[in-house]
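Just below is one structure, and these are the notes that go with it.
Rule-based calculations on the coordinates, nothing more; no lab input. The model shown is predicted, which means the values in this text are computed figures rather than measured ones. Every residue, glycine among them, receives a Cβ derived from its backbone with ideal geometry; neighbour counts consider all protein chains shown.
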Amino acid sequence: MDALIEAVASHYARPALYERLLEALHAAGRTPEAMTRADLAPVDAFHVGGARATAELLAGLPLEPGTRVLDVGCGLGGACRHLAAVFGCSVTGVDLSADYCRAAARLTEHLGLAGQVTFVQADARALPFAAGVFDLVLSQHVQMNLPDKRGYVGELVRVLRPGGWLALYEVFAGPGGAPHYPVPWASDAAISFLVAPDAFRQVLEEAGLSVVRWEDVTGAGRAWVARVAARRPSAGPGLPLLMGERAGAMLAALQRNLAEGRITLIRAIAERPA
């Protein structure tokens, strides 16, 4: 593991994450036996907009039982479980964090979806899968930690079958200048590599993908973060479990960056030609 990936892994490390999640669920009066996907909604979609943003990204895609999906940067597996429970897909989630993978697998077992969803700890730059094995590859709030955009996109395309789809919901540089830190994906600029949206779209097209949807959803993200920041803490799982003791500072900087146009949110769908 190189120095960059070690730094990224350290940023996301959350020892005993699964146990802490169970404690939070117990505080809210829930047990693993009675757990539902809704109980995990505040934490299992660790990106701006939460689970609704994932549902909107996937809307209109040809998903059905047996569709093979890879979720790169799956976190606690919320999108994986959504794809399995709602569409019957066969899903593999990949994350760099061992803590996240362990928690995601245990939560998926509790929800009865282990037969449809598996989790693998791996570096997104070198996915441990054969070429062309997935019908859909999903990436949400991942590439900000990776300086080599072409290498990352090339790896996503490699494992995608011809005629398959790439679904992206990502954070890019905005026109307002360098972002304030800390943010959820980085404590400082050392592991944050934001590029302009047009530059990333060019990478997709140079990789041979046909971009069929490209939407700036910064406004919706700005409104969502404002609502989250205004909420009072409550019992049950919450974002501080994932962001650590600097959660308040990260959320404040994220809100400021969106308000000042320092970051941009793009939702996109691209197809690999058959």
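Here are the numbers for the structure shown:
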item	result
Theoretical ellipticity at 222 nm over the chain - DSSP helices of four or more residues, -39500 (n - 2.57) apiece, nearest 500	-11000 deg cm²/dmol
Length gained when the stretch R158-A27 is fully extended (0.36 nm per residue, less Cα-Cα span)	42.8 nm
Largest-first principal axis extents, alpha carbons of the range 145-271, Å	47, 33, 26
In Hz, Karplus ³J(HN,Hα) per residue of the range 193-203 (6.51, -1.76, 1.60; θ = phi - 60°; x = Gly, Pro)	10, 8, 10, 5, x, 5, 5, 6, 4, 4, 4
Net length gained if the chain between A259 and D216 were fully extended (0.36 nm per residue, minus Cα distance)	14.0 nm
Once the Cα gyration tensor of the chain is diagonalised, semi-axes √(5λ) in Å	26, 24, 17
Shape of the range 19-160, Cα gyration tensor, a/c cut at 1.5	prolate
Difference of contour (0.36 nm per residue) and Cα-Cα distance, A114 to A13	34.0 nm
By average C-beta atoms within 10 angstrom, highest first, the peptides 65-78, 200-213, 99-112, 180-193	65-78, 99-112, 180-193, 200-213
The range 144-159 residues near the modelled A196 label - backbone nitrogen below 15 Å, point 7 Å along Cα→Cβ	none
Point-to-point label distance, A223-L4, nm (Cα→Cβ direction, 7 Å offset)	3.6
